Structure formats: C-alpha cells, structure tokens
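Remarks on the structure that follows.
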Amino acid sequence: MTKIVIDGKEIEVPDHYTLLQACEEAGAEIPRFCFHERLSIAGNCRMCLVEVKGGPPKPQASCAVGVRDCRPGPNGEPPEVLTKSPMVKKAREGVMEFLLINHPLDCPICDQGGECDLQDQAMAYGVDKNRFAENKRAVEDKYIGPLVRTKMTRCIHCTRCVRFTTEVAGISELGLLGRGEDAEITTYLETAMTSELQGNVIDLCPVGALTSRPYQDTARPWELTKTESIDTMDAVGSNIRVDARGREVMRILPRLHEDVNEEWISDKSRFIWDGLRSQRLDRPFVRKNRKLVEASWGEAFAAIAKKIKSVKPEKIGAIAGGLVPVEEMYALKQLMQSLGSNNTDCRAVGSSLDPSRGRESYLFNATIAGIEESDALLIVGSNPRLEAAVLNSRILKRAKMGNYPIGVVGEAADLRYAYEHLGKGADALKYLVSGKNKFAATLKKAKKPLILIGQGAFNRKDGEAILGLIAELAKATRAISKNWNGFSVLHIAASQVGGLDVGFVPGKGGKDTAAMMRDMDVLFLHSADEIDMQKVKGFVVYMGTHGDAGAHRADVILPGATYTEKSATYVNTEGRAQMTSRAAFAPGEAREDWAILRALSAELGKTLPFDSMAGLRKELYKNHPHLGALDEVAESGVRDVNAFAKALGASKSGTVSTAPLISPIRDYYLTNPITRASKVMAECSQLRSGVFSQAAE
C-alpha cells in the first residue's frame, strides 16, 4: 500500500494504482476519454491531467502515471496531487478546445446525444468559445458491418474500440491508420467485423463515432423506460438493461456484474430486440380441417381437454425448450403429474445429464469468475466462442495473463486464443485418461485445472460413457479436490440448469425427449422448437411466443410472453439463480405462461395449487430453497462428481463412438425462435455465410 495526498486528503491505495484510480478513491472526479478500467492504458486523450507537486512543472496524464512513480516530499512526506488547481483547469480547457477543433456540431442529429461523454465533459470542463476558426476536417464513414454504424468525422481517436477488439474480443479488426489530421480508425479493407462481441464498442465509444445501426434514429434515451433484467440468449445469464418505449423494446444494453459478464454482452443478446416483436403469436389457434384457425382461449382449452380425456395418462408428455423459466417448468411438471404422467424432459435428444447424480454433475462448478483462478484448461466437445461468447472472452482474459496451457478435444475452431488441438473424438479423451499424453501431464501439474465440457460431449448415444471418461480424468488430474472443483459443464440454453434443478426430466417409467417425440398421443411443446418436428407424432399443444417450427407443427397454439414481458427466474450455467423483470407487455391476447397453465389445469379439472406468481414461487422455494437465493452460487462440493466418476468410471464406461465431439451450434446468430424472427440476426447470419454482399451499404 502507498500513501498519497489528493487535494489535501491523505489516503492509502495499492501501489499498482494509477493516479487516476487514486484520485477517484479519494472522491475526486477525473474526466477521461481514452482510459477504461478493463483496457490497456493508451494515455492519448490527455483529458485526465492533474498537477503533481514536486514533479515536472506541467500537468501529468493521471491514467499513465502510477502512484509508485510519484516522488515523496523533501522530508519523506507522501506525494501530493492537485485535481482542481488553476494549472489543471487551464490544461483541461485547452485539451477540450483542441478536441472540438474538428468535432462537428451533430448533437441534434446524433444517436449518442444525451449519452455522450464529450457533450457532458465539454459542459463541465470546457470553455464557452473556441479560438480556432479553421475549417473542420471531414472523414469518410467506414463500413464495418450491419451492427455498428460509423460517423468517423466525430471520432476523437481515443482508440478504445481498437483496444477492445484486440484485448477483449481477441481479434484485431480495428486499427488506427495515418498520423495527425490524417489519422483514421478503420478495418483496413473496410470489411465487416466478425466478432460476436463487436457491439460493445458502441458503449465504449465516448462520442457518436460508433453507434448502433439497428437502433439509429429510432429514440432518444429520455424517451425510454429502463428496466434491469437478465439475458436468455445463452446460459451465461448476462445482466442487461431493457429500454422500452410504450409496448416496444427499443434496445438492450449491458449491466455491470463482475462475476458473470463484467460489463460486456454478446451481439446476440444486444441486437435481438427486433425479433421480440416480429412473427409473434398474439392469439390462440386451433387446427381444423388441417389448417390453423384463430380461436378463443375457451375453444383452445376445450380442444386440449377433449383430446386429453380420450388418451391414457402414459401417452401424455411435455418437452420444455431453451427459453422456459424455472417457474413455468415447475408448473408444467405439476400439471403433468396431476394428469398421471411422468413424461417430462428439458434436455436435448440423447442428453446424458441426470440430476439424480447430484447438482455438481451438471454445473459449471469452477464458476465463470473462477476461470481467472484456474491454471490450465481442457475444452471437450465445445466451441465456447459460439456457445457463450462472454465466457469465452473471460478465457481469453485468463490466457493473456500468461502461463495458461489450453487443450481442445473436438473441432479445431477459431476460439480467438492459442490452444493445442488434441484430437476430434473420444479416442483423444481416452488417451488423456491413460496419462500418456503430454497435455495430461500438464493437467496433473496444474494446481487448479479446469475441464470445460460442452454439449457436443454428452448430447449423443455414448454421452454417458464420455462423461465417465471425463470424470475419471478430473479425478486423475486433481481437477476435483478439497478446495477446487474444475469439472465444469457449459450449457447453451438458458433454461437447462433450472429444468434439471426442478427435476423436469422423466420420472419413474417416464419417457425422454426422443421417446416422447415418437410415442406420445398428446405432446406439450413449451417453446421447444429445436427438435426435429418431422419425428413428432400425435396431437401437439404448442406454448410459445413466435411462429417458429413448433407453431407450424401444432394442433393447438397457446401464445405466451417473452423474457422481456414477464418476471421469471433463470439459472445460469454456474447455478446462479437470477430474475428477469417485465419491460413491456405481451401483444394481443398472449399471456404469461404460468397463467396459461393455471387456467388450463382448471379446465382439465386438475387445478394447480396457486393462483398468482407469488403463490407459485412460494411453493417452488419450499421444495427448492436454493432458487430463492437470487444471485448466489452455492459452494460446489466434489462429492457428487466423485460419486458418478466412480459409477461411470473409465473401466465401466462402455464403448465410445469414434464420431467427433462437435458443438451443436452451427449458426451463432440463429439459435432460438427470437433470433430467427430478427431481421438483424438474419442479416448477420447471411453475412457470415457469405450470402450478404458488403456492397449493400
């Protein structure tokens, strides 16, 4: 720790702090444009100038000077820094005057208006007139893709975007060309950016040079109602803010959560808001004469009741998709049980995950923040860049710290960081378990090795055998020990962990997803659009929000609410329960799904024991208390992993296929009904597949 005096106030700060951080610790406000806590220091905007007593007779850039670099007083007094002296005031005014030489007066038409750092700081630290009368420079706008719009005349060359793409996104897609007045931020050849995190440069840009192309010219920030919520586009559970005007969601922004998403979100999380209102189901439908026709809620319930009464309970089943919250799965499970059916499942076809083995057998036990504690990583059957882009950036962050060997068993994809490809199939995994592979020795030497297991490892016929091999490897390499559990399952669906937590899996004598698709006479599909509808037999009741695959196959459609239109609980891949909040209302006659299930149960004569969300949650928390502990991760033990490692060990694992362990996500932008309804996501998908022409700009 180092003592330092800021504006006459003595404080003690860590010796790795910069003067800027020390000043903020003391309560002083320091303006800045180029400095960002999560990026490397550039020191090129010079807005954060302070006066250091006993130092050079000129202001110092506080972001680029460390407290350990400050000279103590003649008698050993702590160094003294002034943030409000006449020298500092004059220096900041001069810097602001220089920044505004070429900056256009676009405030009335700029999308950044009201949220512009330059606008705010010009008001706080600038002067009322400019002494420069020269013509302002003009810079040609650059095409960098369908998500980020450029107005490069506004750019002040803070290089935040350049540092973000290189250091956080992991690909150097933006750079600074030229010098002085000719300097420009560009993608060099004006190609579209390819990062799944590129939208974060919009938040980082302190001016209106980089703004949201889909959002442009649609709303001002003061028109929007801001609601804190949780993202459901993947299993990370990123914290978001949903901005709505009236009944429409206008944009989605990230919220700070150090242990989950820091302050980043993926492009899919940020830009799917147009899909929330496109292709929506806004009224019930019933199939008559092979055509879906509009119906009232009473007619839809009557059609379902008539069919259910004519079939045996064991021929009724329910499959939950990737966007279903915990409360709705719990209510649907209760409804199935009241009908005498144990046919429920929230897992993909062929999944070998089983909650009876214990919670640690299907969680990301190391936690997302724990990635930074690990000292070696093995990725099995996963492409984290496509499955969880924000989590992948955390892996990159750890890799940049140094001394972090990474091995991959599965497809050799571009993950944005260097790794050793150990093989495509389970044979490479067996070789690791045998201890003959060099990377196995690396894992054994590590104190906190992390084994990341993706859906490609266990959504297959031999998934149980592969899980057994991985569990054996975890034991052999000390990935599970007294103080560390590195056995970490990465899910791709927001609902998966919550469904396993409430036991939305086949009960005694119940059928799994594949068997229900084939054998049921009545099948409830709750937002389950990712299964092969051609294999679904029987009478289908679809509860969902969009006219996707499930709605096309349905005999009865019950329109529901999206995650922005209801308060609901989701459990992320590390087992952290979080709750969304309603930012808008569902369109037309669509209702919240728990209310639909409650009304349907009354029509079936099996009334569920609650009549409000509060009543439903009271019962849910009674049976599953950990779901009521919001934003908490229960400490991971190793007992469950040890138990099923023993039960499914390599010696008992059976035959494994030679098929490669490949991630199920082939198109990052089109993974659920909301993304498939989004024009923005469709454009991004076409661009990535090479269909979209950049000349469209």
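The values are calculated or read from the model by the stated rules, or taken from the named source; none is laboratory data. In this text the structure is predicted, and so the values were computed from the model without any measurement. Cβ atoms come from the backbone with ideal geometry, glycine included; neighbour counts cover every protein chain shown. Note: areas computed on protein heavy atoms with side chains; ligands, DNA, RNA excluded. Shrake-Rupley method; radii C 1.70, N 1.55, O 1.52, S 1.80 Å.
One table, with the values for the structure above:
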| quantity | calculated |
| --- | --- |
| Output for segment 309-333, where each listed residue is open to solvent by 10 Å² or more (accessible area, probe 1.4 Å) and either of a type in the set (D, E) or more than 24 Å from S495 (Cβ to Cβ) (or both) | K309, S310, V311, K312, P313, E314, K315 |
| Residue match in segment 142-156 (condition: among the aromatic types (F, W, Y) and farther than 26 Å from Q121 by Cα) | yes |
| Filtered residue count, segment 385-407, keeping only those that are surrounded by fewer than 23 Cβ atoms within 10 Å (Cβ to Cβ) and either of a type in the set (V, I, T) or within 15 Å of the chain's Cα centre (by Cα) (or both) | 2 |
| Only one of T159, T166, T150 that is β-branched (V, I, T) and open to solvent by 40 Å² or more (accessible area, probe 1.4 Å) | T166 |
| Members of segment 66-88 that are farther than 15 Å from G8 by Cα, in contact (Cβ under 8 Å) with a residue 24 or more places away in the chain and open to solvent by 30 Å² or more (accessible area, probe 1.4 Å) | R68, M87 |
| Pairs where the first residue, in segment 272-294, is within 12 Å of V249 (Cα to Cα) and the second is open to solvent by 20 Å² or more (accessible area, probe 1.4 Å) and acidic (D, E), C-beta under 8 Å, 6+ apart | R277/E248 |
| Which numbered condition R277 misses (of (1) at pLDDT below 95; (2) more than 37 Å from the chain's Cα centre (by Cα); (3) of a type outside the set (G, A, S)) | (2) |
| Unmet requirement for I492, which otherwise passes all of (1) modelled with pLDDT of 90 or more; (2) assigned to a helix (DSSP H, G or I); (3) not aromatic (F, W, Y) | (2) |
| Filtered residues of segment 433-452 (kept if in contact with a strand residue (DSSP E or B) (Cβ under 7 Å, 6 or more places away or on another chain), open to solvent by 10 Å² or more (accessible area, probe 1.4 Å) and in a helix (DSSP H, G or I)) | T442 |
| Scan of segment 678-693 for residues that are open to solvent by 40 Å² or more (accessible area, probe 1.4 Å), touching a helix residue (DSSP H, G or I) at 6+ places or on another chain (Cβ under 7 Å) and modelled with pLDDT of 85 or more, ordered by number | K679 |
| Residue satisfying condition, being closer than 18 Å to R32 by Cβ, more than 22 Å from the chain's Cα centre (by Cα) and open to solvent by 30 Å² or more (accessible area, probe 1.4 Å), within set D120, D141 | D120 |
| Number of positions in segment 408-423 that are crowded, with 18+ Cβ neighbours inside 10 Å and not hydroxyl-bearing (S, T, Y) | 7 |
| Selection status of G114, surrounded by fewer than 18 Cβ atoms within 10 Å (Cβ to Cβ) and either out of contact with any Phe, Trp or Tyr (no Cβ under 9 Å at 6 or more places or on another chain) or not in a strand (DSSP E or B) (or both) | yes |
| Counted residues, segment 323-375 - those being of a type in the set (G, A, S), within 30 Å of G402 (Cα to Cα) and touching an Asp or Glu at 6+ places or on another chain (Cβ under 7 Å) | 2 |
| In segment 367-381, the residues that are open to solvent by less than 10 Å² (accessible area, probe 1.4 Å) and either among the β-branched types (V, I, T) or over 18 Å from E632 (Cα atoms) (or both) | I368, I371, S374, A376, L377, L378, I379, V380, G381 |
| Residue in segment 121-129 that is over 30 Å from A682 (Cβ atoms), in contact with an Asp or Glu (Cβ under 6 Å, 6 or more places away or on another chain) and in contact (Cβ under 8 Å) with a residue 24 or more places away in the chain present | yes |
| Some residue of segment 358-366 being surrounded by fewer than 18 Cβ atoms within 10 Å (Cβ to Cβ), under 18 Å from T569 (Cβ atoms) and touching a residue at least 24 places away in the same chain (Cβ under 8 Å) | yes |
| Among (1) over 19 Å from D282 (Cα atoms); (2) at pLDDT 95 or above; (3) among the aromatic types (F, W, Y), the one test that F610 misses | (2) |
| Residue tally, condition free of Cβ contacts under 8 Å to residues at least 12 places away in the same chain and either open to solvent by less than 10 Å² (accessible area, probe 1.4 Å) or of a type in the set (V, I, T) (or both), over segment 530-547 | 0 |
| Answer from K461, K430 - the residue that is assigned to a helix (DSSP H, G or I), open to solvent by 10 Å² or more (accessible area, probe 1.4 Å) and more than 30 Å from D231 (Cα to Cα) | K430 |
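Residue-by-condition table, conditions (1) within 22 Å of P673 (Cβ to Cβ); (2) surrounded by fewer than 21 Cβ atoms within 10 Å (Cβ to Cβ); (3) of a type in the set (S, T, Y):
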{"residue": "W264", "(1), (2), (3)": "no, no, no"}
{"residue": "F271", "(1), (2), (3)": "yes, no, no"}
{"residue": "L276", "(1), (2), (3)": "yes, no, no"}
{"residue": "R290", "(1), (2), (3)": "no, yes, no"}
{"residue": "A295", "(1), (2), (3)": "yes, yes, no"}
{"residue": "A300", "(1), (2), (3)": "yes, no, no"}
